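If you scroll down you'll find the structure; I have some questions about it.
The values are calculated or read from the model by the stated rules, or taken from the named source; none is laboratory data. Owing to the predicted nature of the structure, the values given are computational and were not obtained by experimental measurement. Every residue, glycine among them, receives a Cβ derived from its backbone with ideal geometry; neighbour counts consider all protein chains shown.
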Amino acid sequence: MLETVLTVGLTAGFLVEATVAIAAGLVRGFSGFGAALILAPGFTLVMAPREAVVLTVLLNSSAVAQLLFPALRRTRWIDVGPMGAAAVVAIPFGSLLLIGLDGAVIRRAIGAVVLGFSVVVLAGWRYRGPRGLPANLLVGMLGGLLTGAAAVGGPPVILYFLSSERPMAESRASFISFFALIQIVAVPVFLWEGLVTWELVGRAALLLPAFLVATHVGARLFTRASDRLARQFALGALVLIGLATLIR
């Protein structure tokens with residue numbers, strides 16, 4: 001294990017991975033969402049898409065406690081509970097897509113989801129439909145499928161919450177709780193499918209300190225920023241990374 005970690009640290013792509021992890025941590029701490037949407041496409045710039053998906057989940061799941069406990073009391077559980085249950089059921093089906101699809105298809109799908117989501121939100125689109133149990137279950141299922149297939153399960157959940165009139169702080173807490181649940185569930189699914197390797201565990205271990213520090217800095221900045229700035233900061237970063245993934 002130690003030899004694997006040291007070898008990983010000497011690879012040329014590690015600097016790119018560390019930069020991506022820092023950017024994702026800042027966005028994660030600042031807005032409560034967007035980490036996976038930066039990590040997954042960013043990692044595909046220097047590694048195979050399937051490995052990028054698994055590394056994204058490993059890194060995110062290792063850092064869930066940092067933001068989760070303060071967010072629990074502000075989470076809107078009447079929405080997040082059904083969403084989380086539906087996502088847990090859907091993640092294994094998404095992982096089957098991850099195994100079966102070609103790597104280039106996965107990479108372009110990740111880039112398209114990230115860029116499309118960013119453009120939709122920046123254009124001002126808002127979900128105006130019903131917000132009962134069926135909608136919660138559907139949103140959670142889509143999030144679970146996208147997490148299992150590409151580690152980017154955030155767009156349907158984020159669009160759903162950002163379209164409401166509730167304060168950003170409450171939506172942020174709900175993002176954090178939902179994403180913590182699905183990331184933790186995705187790890188044993190990937191282990192069962194044989195997708196987790198010691199090399200990826202070593203990469204996650206090396207990237208985790210920078211990711212945690214950047215998240216802490218982003219969270220501190222959030223307390224001093226407006227709702228509008230929080231949204232624009234995260235979405236601007238997502239547009240850039242989505243474009244970089246598609247044109248690679």
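State whether the residues of the stretch 113-126 include one that is surrounded by 13 or more Cβ atoms within 10 Å (Cβ to Cβ), within 25 Å of Ala52 (Cα to Cα), within 19 Å of the chain's Cα centre (by Cα) and small (Gly, Ala, Ser).
Yes, the conditions are met somewhere in the stretch 113-126.
Each row is one residue, and each column tells you yes or no for (1) modelled with pLDDT of 85 or more; (2) touching a Gly at 6+ places or on another chain (Cβ under 8 Å).
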{"position": "Thr11", "(1), (2)": "no, no"}
{"position": "Gly29", "(1), (2)": "no, yes"}
{"position": "Gly32", "(1), (2)": "no, no"}
{"position": "Gly42", "(1), (2)": "yes, no"}
{"position": "Ser62", "(1), (2)": "yes, no"}
{"position": "Leu67", "(1), (2)": "no, yes"}
{"position": "Pro70", "(1), (2)": "no, no"}
{"position": "Arg74", "(1), (2)": "yes, no"}
{"position": "Pro82", "(1), (2)": "yes, yes"}
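For the stretch 129-248, list the helices (runs of 4 or more DSSP H) that sit wholly inside it and hold at least 3 residues that are under 18 Å from Ala35 (Cβ atoms), within 15 Å of the chain's Cα centre (by Cα) and at pLDDT 85 or above; which are they?
133-150, 168-192, 198-222
Report, by residue number, each residue of the stretch 63-80 that is surrounded by fewer than 16 Cβ atoms within 10 Å (Cβ to Cβ) and in a helix (DSSP H, G or I).
Ala65, Phe69, Pro70, Leu72, Trp77, Ile78
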